[in-house]
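Asker: Here it is: the structure, laid out below.
Bear in mind these aren't lab numbers, they're just calculated from the coordinates by the rules spelled out. Remember, predicted model here, so these are calculated numbers, not experimental data. Glycine gets a Cβ as well: all are built from the backbone with ideal geometry, and neighbour counts include every protein chain shown.
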Amino acid sequence: MVLRCDGKVPAQNFAASGVAFTTTRWSLVMDAQAESPLAQRALEELCRIYWRPIYSFLRREGKTAEDAQDLTQDFFAQLLERGDFAAVRQEKGRLRSYLLGSLKHFLANDRRRAMARKRGEGRVPISFDYLRSEECVDVEEQALSPDRVYDRHWALTVLDRVFARLLVEGQHLGRPGLTERLSELLSGEPDPPAQSQIAREFGMTENAVKQAFHRLRQRYRQLLREEVAQTVATPADVEGELRELMIALRP
Amino acid sequence: MHHSVEMIDKRQLTKGKVCARCGAAISSRLPGQSCPACLIESGLGPDGLAEDLRDGKAPLMMNFGDYELLEEIGRGGQGVVFRARQKSLNRIVALKVIGVGPWATEAHIRRFRLEAEAAASLDHPGIVPIYEIGERDGSCYFSMKCIEGGQLDKIAGDQPMPVRRAVELIVKVARTLHYAHQRGILHRDIKPGNILLDKEGEPHLTDFGLARLIESESTITRTMDVLGTPSYIAPEQAAMKPLTNATDVYGLGAVLYQLLTGYPPFAGGTTFETIRLVLQVEPRRPHLWNPKIDRDIATISLKCLEKDPQRRYASALELAEDLERWSRHEPIRARRTGLLGRGGKWVRRNPALAALVPLSLALTTVLAFMFSRNEERLPPAGIAVLPFENLGDEKENASFVDGMQDDILTKLAKVADLKVISRTSVMQYRGVRNTREIGRALRVSHVLEGSVRKSGDKVHLNAQLIDTRDDTHVWAEQYDRDLTDVFAIQSELAQKIASQLSKKINRAEKAAIETKPTHDLEAYELYVRAKLLTRSSGPDNLEVLQKLAGASDLLQRAVARDSNFALAYCLLTETNLSLYWIPGRAEPAFRTRADVALHNAQRIAPEAGETHLAKALFDYYGNRDLDHALEELDTAARLLPNNADVFDTSARIERRLNRWKEALRHFAKAAELDPRDPTHPTAIATTYRLLRHYKEAEETADRAIGMFPEAADQFWKEKGEVALAEGDLEKARAAIEKLSSKEAFPALLVRVLLYEHNYLEAERVAVASWKDEGSVRFTGVGAIIAARAQADAEKIRAYAVKARHAYEPLLNGPSVDPTMFSEVGVIDAALGRREDAIAECRRAVELRPLDRDAVEGPDYVANLALAYAWLGERDHAIEQLSSIIHVPGGPRFGDLKLNPMWDDLRGDPRFEQIMATAAEPIPLK
């Protein structure tokens, strides 16, 4: 029975009830029986975040920059209009695979013409501002299939957001630049020579650096999972998605 | 200076090129010299690669330092064993990686090394030699000789082994053990998994001393965490008492028992059950499992398994010698244990030993209800109606089939003379065949199984009544009727079952059973589906909200089809009240709808138990009329004697009215009827915590963790709360680390950080958790406290303003919940707005004084005290605190001592006195 909660007063014990869980956006969308405004907004937000893999896929397919931008907008507009969520459940609730499948379907069905009319009323204003600086497609990417390019940019988006959050949080630490320096060590083993460098640079003891790094790494892992959790159906899927991303990224 | 120049050069060189780790291309957008794949890989696993290995995820690099991992050869409670190649020496070894866990301190690890080194000093053909001991990435590991053969438990399997062979093996291991004992080293973890057999079939003992790693302050659950199956541990180990040679003898006896019979001496359905068996029950006589076992060998193995260590063989050598005597057909020394026959309770017989079991008096009262102390072999009389099987082809009949089970269950539940388990607790046993297990887990003597085929307008039901104690069929019946008769079938069936169990049904009960809930089958199905939605939970409020809204929908449709469907109206009342109470909502529309639904129910069936329950819920959750609610619940309890909700709600109300003993009793009764619902143990643990009976609170939480591993988080949270109340930061930390998701309990984490005086981190965590107004309300005050502790006026102001802003929607809304006034008052105090702060805090206290709410009332007074303290008015603050110090739910010792929010009062002798009193438990009258 839902009514059972041991409500307590926050100032003394600020967790007002046992139910305290952040809603992941994608699970919201997935569960929507009807089109609730909340689900719509959630999906819009997700589109705004994950447009880049879609765009990169289209570029790798050979579209020009302008065409790719238009297609991306159209695709998302159409998605939001008539999202077919039965298909999502088949994808086991992974937004990444769902979007790619949806995109391919969209391209095959050539809805562009229909969408051309609606373009003016674009509901998802995606800002392509950052594109120019990034437009240099890596040489390596030419050797990859479009699907792989898509996954790679998906992963980059995830990591980008995670690092952005880490940096923002790091500003509270009172040592400007420390988070950035420590972030560089994040993959691979904790590296004692590099850490003692940092200790010298910032006037800290090596132990303090070690601890800070450890905390950063914990936080990084947490944020990484949180970020991925936004795009899968249940917390249990997070690990699987991370692994798939990693495998997809390895040559 | 010289070095930093080098650094810069190196960085420029590698920027934008390849990954330092794997050589793949890297992205300039990300920091450092790594490619996305390596970054993600390093993000996997909380402790790095070692943890990945332990968790059985395929390691992507088969390297672990000096070792190249070849394959996994074993897995246990502590860790994983690999066959590996030691690169530096180019030899094959066995490498065991052990999960150390967050509660192992430096001291523990040091002790482990000492123990492992001592074990490594043993040189005996029967002991697996240890080569290297080390630590990596937060995990301990050691390498040892690789015994090509395997673990004894894998080899023996579930079948009894030929007796001679078993004895031969045990004799050898016993002598090996004796060698170690003579050198002062205990094994502590003897079990089939720790006995390896080589190619010649010779036994080798491994993993000496590892159990040391988890000694001392651990609770039972933590031990089980590491040791894995508790089936082989000795009673004194379970009770955390000192261990002796006899402990290892017990272990060996358990292994012998298993080899002889194919079963471990004790195996309950859950960890907790098993431990209880180990402590309280005699093992089943071996020859009942395997008739080939003769009396003498049975006697020997049972002697090893004596609860009292002094009654066992004094040494492993004695055991070996007695076994050898048996082999030679000579008379054995062990005396037959005829004294402890069936029904003999070890605990009762040996009161001194009973003290080994750390149960306090109050707890046993509760446990008496939760776990009947009757003869363990015979679960108390009672029945569980298991989910029925749907034999038809169409999946859409699933609701119909569930509906039949639901109705029969509800009807049977009306019989006061019979204990009937709630539906929530039985649903998880869909498709489960092992009725003995079910009987033990739910503590019932019987289950009802059924299968249904619905085709066209006919229904075929096959029902069987099974005795769980010996898995025998007591009675079976088939029904082949028209669909329209279905309620009649169910009514007949319920009455037949009651009579089969020799239970009396009085006239009123009979009438209630024979009342049809509705004439419309489709309406009934809608009702059943709605019921399922209201009984499930969700990970977050949003999901719960959606489910409830869905249920409400279905119920509306049901009553549209049948306007006399009283049950549906009752459920609609409850559903709307739930919607009304979802945190942060309190939309009056829901309350009104609940009222309307209730009136309809009262119009149709004013005397029904469900109607009284619905009225009680409305009285309490709709009107806060505690006294009338209890009256209605009293009536409801007579008419619905097996309804867990009745008792649960009574308990909650009684708590508010300061009737704590009754509350505990009723929670226990709810738990008895609904053993698989974790909300009951949660409530019990919280209640004990409010009463400052911390030991009982912890024990309840520990048991619950064993019983509900998937819902463990709420209990770890509870344990964290207890630790904070006691002022034990280490324990609180440990509990937090156990949460599967710290983000789900940001408030708790913030408090721990505050207590640890890690103000910046507390602040950071609080801020990071702010995603919407609700979450700001959760931890806003925490951020303010952190800011005050840093004496940062700007931050205080910023956070206070933000927090206060988050309350605007509530203040402008329809709700008159005193909680929000109380909290806003505290925030205003932080902003220095004296008049407002005091007024708001006082308002909360007036709306909900102590005698009208013993659960939340004290918090409002405490908040008033806090506001005074922050405004610099010490005397008033002390006055308020003093008024609640002897009251359950008052401020906790740990809180007063460690929470920086009370810093303004520190040093005042009156405050110190209050703190001392806060440590004392509140007596249960």
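Asker: Could you list which residues have their amide H under 5 Å from that of B:Glu389, counting only those 5 or more apart in sequence or on another chain, with H placed in the peptide plane?
Answerer: Distant-sequence amide H within range of B:Glu389: B:Gly450, B:Ser451, B:Val452.
Asker: Taking H as built 1.01 Å from N, whose amide H comes closer than 5 Å to the amide H of B:Phe82, not counting residues under 5 places away?
Answerer: B:Ile73, B:Leu95, B:Lys96, B:Val97
Asker: Provide the gained length on full extension for the span B:Asn623 to B:Arg638, in nm with one decimal, where the gain is 0.36 nm per separating residue minus the Cα-Cα distance.
Answerer: 3.1 nm
Asker: Need the full-extension length gain, B:Ala711 to B:Asp123, defined as separation in residues times 0.36 nm minus the C-alpha distance. One decimal, nm.
Answerer: Net length gain for the segment: 207.1 nm.
Asker: For a footprinting-style exposure proxy, rank B:Glu654, B:Glu117, B:Glu477 by other Cβ within 10 Å, fewest first.
Answerer: Final ranking by Cβ density, sparse to dense: B:Glu117, B:Glu477, B:Glu654.
Asker: If you don't mind, there's one more thing I want to ask. Going by how many other Cβ atoms sit within 10 Å of their own, how do B:Ile293, B:Ile40, B:Ile383 line up, fewest first?
Answerer: Ordered by Cβ neighbours within 10 Å, fewest first: B:Ile293, B:Ile40, B:Ile383.
Asker: Could you put B:Lys719, B:Lys771, B:Lys531 in order, starting from the residue whose Cβ has the fewest other Cβ atoms within 10 Å?
Answerer: Going from sparsest to densest Cβ surroundings: B:Lys771, B:Lys531, B:Lys719.
Asker: If you don't mind, another one. Put a dot 7 Å past each Cα toward the Cβ at B:Lys496 and A:Arg250; how far apart are the dots in nm?
Answerer: 6.1
Asker: Moving to a separate point now. Restricting attention to the alpha-carbon atoms of segment B:460-609, what are Rg (one decimal) and Dmax (integer), both in Å?
Answerer: 18.5, 54
Asker: For B:Val474, enumerate residues with amide H under 5 Å from its amide H, sequence gap 5+ or separate chain, H modeled in the peptide plane.
Answerer: The answer is B:Leu465, B:Ile466, B:Asp467.
Asker: When the Cα centres of segment B:586-618 and segment B:450-502 are compared, how far apart do they sit, in Å?
Answerer: 32
Asker: Let me ask you something else. Set the Förster distance to 51 Å, then compute FRET efficiency between B:Glu808 and A:His105 from the Cβ-Cβ distance, nearest 0.05. Walk me through the numbers on the way to the answer.
Answerer: Working: r = 45 Å, r/R0 = 0.89.
The pair B:Glu808/A:His105 has a calculated efficiency of 0.65.
Asker: Let me ask another. What is the distance in Å between the Cα centres of segment B:306-322 and segment B:904-925?
Answerer: With segment B:306-322 and segment B:904-925 each reduced to a Cα centre, they are spaced 51 Å.
Asker: Turning to a different aspect of this structure: Taking the Cα-to-Cβ direction at A:Asn207 and at A:Arg243 and moving 7 Å from each Cα, how far apart do the two end points lie in nm?
Answerer: The answer from the label model is 3.9 nm.
Asker: What are the ³J(HN,Hα) couplings of segment B:652-668, residue after residue, when phi is run through the Karplus curve with 6.51, -1.76, 1.60 and θ = phi - 60°? Round to Hz, x for glycine and proline.
Answerer: Result, rounded to whole Hz: 4, 5, 4, 4, 5, 8, 6, 9, 6, 5, 4, 4, 4, 4, 5, 4, 5.
Asker: Could you derive backbone 3J(HN,Hα) for segment B:451-468 from the dihedral phi with the Karplus parameters 6.51, -1.76 and 1.60 (θ = phi - 60°), listing whole Hz in sequence and x where the residue is Gly or Pro?
Answerer: Running phi through 6.51 cos²θ - 1.76 cosθ + 1.60 with θ = phi - 60° gives 9, 10, 10, 10, 9, x, 10, 10, 9, 10, 10, 10, 10, 9, 9, 10, 8, 6 Hz.
Asker: Report the residues of segment B:398-427 in range of a label on B:Lys458: point 7 Å along Cα→C-beta, backbone N strictly under 19 Å from it.
Answerer: B:401
Asker: Just subtract the alpha-carbon distance of B:Ser536 and B:Glu324 from 0.36 nm times their residue separation and send over the number in nm, one decimal.
Answerer: Extra length from B:Ser536 to B:Glu324 when fully extended: 70.4 nm.
Asker: Taking the Cα centre of segment B:648-693 as origin, work out the dipole magnitude from +1 charges on Lys and Arg Cβ and -1 charges on Asp and Glu Cβ, in debye rounded to 20.
Answerer: 280
Asker: Using a Förster distance of 35 Å, how high is the FRET efficiency between B:Glu202 and B:Asn290, based on the Cβ-Cβ distance and rounded to 0.05?
Answerer: Details: r = 24 Å, r/R0 = 0.70.
E between B:Glu202 and B:Asn290, to the nearest 0.05, is 0.90.
Asker: Once you sort the root eigenvalues of the Cα gyration tensor of segment B:408-536 as a ≥ b ≥ c, which label holds: rounded (a/c under 1.5), prolate (a/b larger than b/c) or oblate (the other case)?
Answerer: Because its axes are fairly even, with a/c under 1.5, segment B:408-536 counts as rounded.
Asker: Can you give the FRET efficiency to the nearest 0.05 for B:Thr484 and B:Glu389, using r as the Cβ-Cβ distance and R₀ = 22 Å?
Answerer: 0.45
Asker: Could you check the simple spin-label distance between B:Val432 and B:Ala508, using points 7 Å along Cα→Cβ, in nm with one decimal?
Answerer: 3.4
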